[in-house]
Each structure stands twice: as C-alpha cells, then as structure tokens.
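Take a look at the structure set out below.
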Amino acid sequence: MHDFLAAALGFPAVLFGFALLVVVGYWLLVLAGGLDPGDHGHAGDLDTGPEGVDGAGPGGPAGLVAAAGLGGVPVSVVLSLLIAVAWFLSLAGTALLADADVPALLWAALSVGVLAGALAGSWAAAWVLVRPLRHLFPDERPPSRLDFVGRVCVIRTGRVGPDFGQAEVTAEDGSTAIVQVRAEPAPRRDGGPEPLHPGEPGLTAGATALIFDYDADGEFFRVAPFDAAPGPERPAA
C-alpha cells in the first residue's frame, strides 16, 4: 500500500491523479441522476453561433477533442477515457522508476518520457475505444434557423417590406417562433416605378408566406406570398 501511494503521489502520476478524482466524482453524480453526460454536447458538434445559425466551426474542448480524431461521443466520455488511461500508464511508469537506481538528471528525463508516453498511450487507447462507442451516441444536428427555410409562415405585422416585418413559423417539433422577415415591395397599382406601400398587396397581417432564404448578416428571412388554399380543379378532358 505504501508503494502504491508513493507511486500515485509521484511525478507524473500525481498530475492525472487529481483529474481522476474529478472524473470519479462526476460519474458518481451521473449515476445519482444529478447530471446528464450528454449535456456537454458531442465532440465534433458544430457551434451554431448565436440563435443557432450554422456556419461556425467547433470550438472549446469539443473542438480540440474532435481535432484529435476522438469525435462522435460526448466530451465527458472522451475526457474520462483520456484521464483514466493516462493515470494508469503514468502510475505504472512511476512505479517502475521508483526502483531505478539512476542519476537524478536521468531520472527526471525518464519521468518526462513517462509523461509523454502516458499522453500518447491514452490518446491511442481512447481512439480505439471511441470507435465502437459512437454507435451508442447517435449524432443529432442541433436546431438551426436554416430549418425554417422552405416552411410556410403567417405574417404577424401590418405589412412586410424590404426593411420591416415579422412572421410566425412552426418548427418540425410543433413549437412556434416569431422571426424577422423581409420581402421585395410590390409594384404600384397604377403601374408606376415606386411602390405605394411596401409589401402591398399580399403580405399583410394574417397572410401566409413561403420562407425561401435566410440572410445571416441581417438575421432575417426572405419571404414571398404563398397561397395555401388549393386551386380550382381542372376540368376533365
């Protein structure tokens, strides 16, 4: 027991020992139902930026883990594997060095080598273990504003023009959202070059419109009039 404690508290095993305690505490909370390991997202998930707009790359721990080839599972699982394997390998290396009768300078160099080997070994082991685990954590694309493109919305403002307008749109899960919409102005009724009123005559309150594009810079959707009512039946030939 004394030898085990000496190795666990020696360099470099001690570096991973405290991290391992955090990992054990984390998974105890998961087992108790206090945490969900999927809350931290999947390694490799895209950062959708503000309001869920696609286009930004992954960032933070998830981005680093994905860049290391360990994406596809929750970050908490990947980090737990890395820390646990690194601790075990560094503990074994520290125990071997404890009985080595070498000069202090050489012992320090060997300890650094054990640290590097533990890091490399933990990555290799995690890379192997993550591959079958990916089937247990299917990747779900986070909601995005682009999901609204192609859907029919209901205008909720008195008019819709190139600089103003709001509409209510229903998502696939049944939830609704009020979004900013824009439309090209309709021509004058008398045929003049300028519109009498932007958005006339179709896009007024209560009218239906089709969302056909999203402007990420302006954070609004482009819409066009859409008649949801079925047209008259064609006469039989």
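The values are calculated or read from the model by the stated rules, or taken from the named source; none is laboratory data. All figures in this text were calculated on a predicted structure; none of them were measured in a lab. Please note: Cβ atoms are built from the backbone with ideal geometry, for glycine as well, and neighbour counts cover all protein chains shown.
Summary of computed values
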{"item": "From G150, G93, residue being more than 20 Å from the chain's Cα centre (by Cα) and either surrounded by 12 or more Cβ atoms within 10 Å (Cβ to Cβ) or not assigned by TED's automatic domain parsing to the domain that holds F221 (or both)", "result": "G93"}
{"item": "Some residue of region 112-130 being aromatic (F, W, Y) and over 30 Å from L64 (Cβ atoms)", "result": "no"}
{"item": "Every pair of residues 6+ apart whose Cβ atoms lie under 9 Å, when the first sits in region 87-100 and is over 17 Å from A124 (Cα atoms) while the second is among the acidic types (D, E)", "result": "A95/D3; A98/D3"}
{"item": "Residue within region 104-123 that is part of a helix (DSSP H, G or I) and either on the phi > 0 side of the Ramachandran plot or at pLDDT below 85 (or both) present", "result": "yes"}
{"item": "Condition broken by G161, with the remaining ones in (1) over 28 Å from P74 (Cα atoms); (2) at pLDDT below 90; (3) assigned by TED's automatic domain parsing to the domain that holds P74 satisfied", "result": "(3)"}
